[in-house]
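Each remark here refers to the structure printed beneath this line.
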Amino acid sequence: MVLYFFQVTPMIEIKKHGELSAQVKAELNSYIDTEFGHIPLVKETEWARPDWTVIRYEGNCIATFYNIVEREISIDDKTFKVGGINNVITPKAFRGHGYAAKTLKATEYLLFEDLNCDLGLLLCADNLVPFYKKLNWYTVACPVYFDQSTGKKLWASNTMLLTKKEKMDPRKIELKGLPW
(Lines give C-alpha, C1' and ligand atoms only; values in the text may rest on other atoms or scores of the structure.)
Protein backbone atom coordinates (compact mmCIF):
# COMPACT_ATOMS: atom_id res chain seq x y z
CA MET A 1 0.00 0.00 0.00
CA VAL A 2 1.30 3.47 -0.91
CA LEU A 3 -0.31 6.58 0.50
CA TYR A 4 0.37 10.01 -0.97
CA PHE A 5 -0.28 13.34 0.67
CA PHE A 6 -0.19 16.19 -1.85
CA GLN A 7 0.03 19.90 -1.52
CA VAL A 8 0.83 22.05 -4.51
CA THR A 9 4.47 21.16 -3.97
CA PRO A 10 5.96 19.17 -2.14
CA MET A 11 4.90 15.55 -2.15
CA ILE A 12 4.97 13.35 0.93
CA GLU A 13 5.13 9.63 0.24
CA ILE A 14 4.17 7.12 2.94
CA LYS A 15 5.20 3.62 2.04
CA LYS A 16 5.75 0.23 3.65
CA HIS A 17 9.50 0.07 4.25
CA GLY A 18 9.75 -3.35 2.62
CA GLU A 19 8.23 -1.94 -0.59
CA LEU A 20 10.85 0.77 -1.10
CA SER A 21 12.99 0.30 -4.18
CA ALA A 22 16.59 -0.84 -3.70
CA GLN A 23 17.73 2.55 -4.99
CA VAL A 24 15.67 4.50 -2.44
CA LYS A 25 16.75 2.20 0.41
CA ALA A 26 20.39 2.68 -0.57
CA GLU A 27 19.96 6.47 -0.63
CA LEU A 28 18.22 6.49 2.76
CA ASN A 29 20.84 4.15 4.26
CA SER A 30 23.57 6.46 3.01
CA TYR A 31 21.95 9.42 4.79
CA ILE A 32 21.47 7.34 7.95
CA ASP A 33 25.11 6.20 7.93
CA THR A 34 26.36 9.76 7.37
CA GLU A 35 24.18 11.16 10.15
CA PHE A 36 24.43 8.46 12.82
CA GLY A 37 27.02 5.87 11.73
CA HIS A 38 29.86 7.43 13.72
CA ILE A 39 28.01 7.41 17.06
CA PRO A 40 29.21 4.57 19.33
CA LEU A 41 25.75 3.87 20.81
CA VAL A 42 24.35 3.53 17.29
CA LYS A 43 27.16 1.27 16.09
CA GLU A 44 26.93 -0.99 19.16
CA THR A 45 23.15 -1.47 19.09
CA GLU A 46 20.98 -3.88 17.09
CA TRP A 47 18.04 -1.93 15.64
CA ALA A 48 14.50 -2.90 14.62
CA ARG A 49 13.58 -2.89 10.95
CA PRO A 50 11.08 -0.11 10.16
CA ASP A 51 7.54 -0.91 9.08
CA TRP A 52 6.91 2.41 7.33
CA THR A 53 8.96 5.16 5.70
CA VAL A 54 7.76 8.72 5.22
CA ILE A 55 9.61 10.74 2.58
CA ARG A 56 9.11 14.40 1.69
CA TYR A 57 10.28 15.25 -1.81
CA GLU A 58 11.21 18.63 -3.19
CA GLY A 59 11.17 18.06 -6.93
CA ASN A 60 12.69 14.61 -7.40
CA CYS A 61 15.00 14.93 -4.38
CA ILE A 62 14.53 13.56 -0.88
CA ALA A 63 14.23 16.66 1.32
CA THR A 64 13.56 14.82 4.59
CA PHE A 65 12.43 11.40 5.80
CA TYR A 66 11.74 9.29 8.83
CA ASN A 67 10.78 5.71 9.67
CA ILE A 68 8.07 4.21 11.86
CA VAL A 69 8.19 0.94 13.76
CA GLU A 70 4.75 -0.35 14.77
CA ARG A 71 4.79 -2.27 18.02
CA GLU A 72 2.92 -3.12 21.16
CA ILE A 73 4.98 -2.12 24.18
CA SER A 74 4.47 -2.18 27.92
CA ILE A 75 4.18 0.98 29.98
CA ASP A 76 3.77 0.34 33.70
CA ASP A 77 2.68 -3.21 32.85
CA LYS A 78 -0.10 -2.06 30.49
CA THR A 79 0.00 -2.68 26.73
CA PHE A 80 0.02 0.23 24.30
CA LYS A 81 0.32 0.32 20.53
CA VAL A 82 3.07 2.75 19.54
CA GLY A 83 4.50 4.27 16.44
CA GLY A 84 8.22 4.31 17.08
CA ILE A 85 9.84 7.16 15.16
CA ASN A 86 13.44 6.81 14.02
CA ASN A 87 16.01 8.28 11.67
CA VAL A 88 14.40 11.67 11.18
CA ILE A 89 16.91 13.08 8.71
CA THR A 90 17.08 16.08 6.43
CA PRO A 91 19.95 15.90 3.94
CA LYS A 92 22.36 18.84 4.31
CA ALA A 93 21.25 20.52 1.06
CA PHE A 94 17.69 20.87 2.42
CA ARG A 95 18.35 21.94 6.01
CA GLY A 96 17.08 25.20 7.41
CA HIS A 97 13.67 25.13 5.72
CA GLY A 98 11.72 23.32 8.43
CA TYR A 99 11.04 20.29 6.24
CA ALA A 100 11.39 17.72 9.04
CA ALA A 101 9.10 19.64 11.40
CA LYS A 102 6.51 20.28 8.68
CA THR A 103 6.57 16.65 7.57
CA LEU A 104 6.24 15.26 11.10
CA LYS A 105 3.27 17.58 11.79
CA ALA A 106 1.66 16.91 8.40
CA THR A 107 1.82 13.15 8.94
CA GLU A 108 0.89 13.00 12.62
CA TYR A 109 -2.51 11.68 11.51
CA LEU A 110 -0.68 8.58 10.26
CA LEU A 111 0.25 7.55 13.82
CA PHE A 112 -3.06 8.24 15.49
CA GLU A 113 -5.62 7.73 12.75
CA ASP A 114 -4.26 5.42 10.03
CA LEU A 115 -2.08 3.19 12.25
CA ASN A 116 -4.35 3.59 15.29
CA CYS A 117 -1.45 4.04 17.70
CA ASP A 118 -1.99 5.08 21.29
CA LEU A 119 1.17 7.18 21.24
CA GLY A 120 4.40 7.95 19.45
CA LEU A 121 7.75 7.09 21.01
CA LEU A 122 11.23 8.11 19.99
CA LEU A 123 14.70 7.60 21.39
CA CYS A 124 16.89 10.64 20.87
CA ALA A 125 20.08 12.49 21.66
CA ASP A 126 20.20 15.48 24.01
CA ASN A 127 20.67 18.02 21.21
CA LEU A 128 17.44 16.90 19.48
CA VAL A 129 15.11 17.26 22.48
CA PRO A 130 14.33 20.98 21.87
CA PHE A 131 13.38 20.26 18.24
CA TYR A 132 10.86 17.58 19.24
CA LYS A 133 9.50 19.62 22.17
CA LYS A 134 8.42 22.28 19.65
CA LEU A 135 6.33 19.54 17.99
CA ASN A 136 4.57 18.59 21.29
CA TRP A 137 6.80 15.62 22.11
CA TYR A 138 7.86 15.43 25.76
CA THR A 139 10.62 13.61 27.62
CA VAL A 140 9.93 10.91 30.17
CA ALA A 141 12.27 10.18 33.05
CA CYS A 142 11.82 6.47 33.56
CA PRO A 143 13.88 3.40 32.69
CA VAL A 144 13.31 2.11 29.15
CA TYR A 145 14.25 -1.50 28.47
CA PHE A 146 14.84 -3.06 25.06
CA ASP A 147 16.03 -6.38 23.69
CA GLN A 148 19.39 -7.26 22.17
CA SER A 149 20.74 -10.65 21.19
CA THR A 150 22.83 -10.51 24.39
CA GLY A 151 19.76 -9.93 26.57
CA LYS A 152 17.68 -7.06 27.92
CA LYS A 153 19.35 -3.62 28.01
CA LEU A 154 18.56 -0.23 29.53
CA TRP A 155 18.34 2.73 27.12
CA ALA A 156 21.00 5.28 28.08
CA SER A 157 19.66 8.43 26.41
CA ASN A 158 16.41 10.38 26.07
CA THR A 159 12.98 8.89 25.51
CA MET A 160 10.18 11.09 24.24
CA LEU A 161 6.45 10.52 23.83
CA LEU A 162 3.76 12.10 21.70
CA THR A 163 0.23 11.60 22.99
CA LYS A 164 -3.04 12.57 21.41
CA LYS A 165 -4.60 13.51 24.73
CA GLU A 166 -3.06 13.92 28.18
CA LYS A 167 0.63 13.42 28.91
CA MET A 168 1.79 10.25 30.59
CA ASP A 169 4.27 10.02 33.48
CA PRO A 170 5.41 6.39 33.26
CA ARG A 171 7.50 4.57 35.85
CA LYS A 172 8.84 1.92 33.40
CA ILE A 173 8.74 1.24 29.66
CA GLU A 174 9.47 -2.10 28.00
CA LEU A 175 9.92 -1.87 24.21
CA LYS A 176 9.39 -5.66 23.89
CA GLY A 177 11.91 -5.98 21.08
CA LEU A 178 14.80 -4.22 19.41
CA PRO A 179 14.94 -0.42 19.75
CA TRP A 180 14.27 1.86 16.85
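The values are calculated or read from the model by the stated rules, or taken from the named source; none is laboratory data. Source: prediction; values computed, not measured. Quick reminder, even Gly has a Cβ in these numbers, built from the backbone with ideal geometry, and neighbours come from all protein chains shown. Side chains are part of the model used for accessible areas, which takes the heavy atoms of the whole protein and leaves out ligands, DNA and RNA. Shrake-Rupley method; radii C 1.70, N 1.55, O 1.52, S 1.80 Å.
Descriptive notes on the structure:
- The chain: angle of helix 22-36 to the longest principal axis, Cα-based, in degrees nearest 10: 60 degrees
- Carbon and sulfur %, accessible surface of the range 1-125 computed with the full protein complex present, 1.4 Å: 51 percent
- Virtual spin-label span in nm between PHE36 and ALA106, 7 Å along Cα→Cβ: 2.3 nm
- In nm, spacing of pseudo-spin labels at VAL129 and ARG49 (7 Å Cα→C-beta vector): 3.4 nm
- Peptides 51-63, 141-153 ranked from most to least packed give 51-63, 141-153, packing being the mean of other C-beta atoms within 10 angstrom over each peptide's residues.
- Our Cα-only numbers for the chain put the radius of gyration and Dmax at 15.8, 49 Å.
- Set of lysines near LYS105 by C-alpha distance (under 26 Å), chain-local residues within fewer than 8 positions excluded: LYS15, LYS16, LYS25, LYS81, LYS92, LYS133, LYS134, LYS164, LYS165, LYS167
- Percentage, to the nearest whole number, of Cα pairs in the range 120-180 over 20 Å apart: 26 percent
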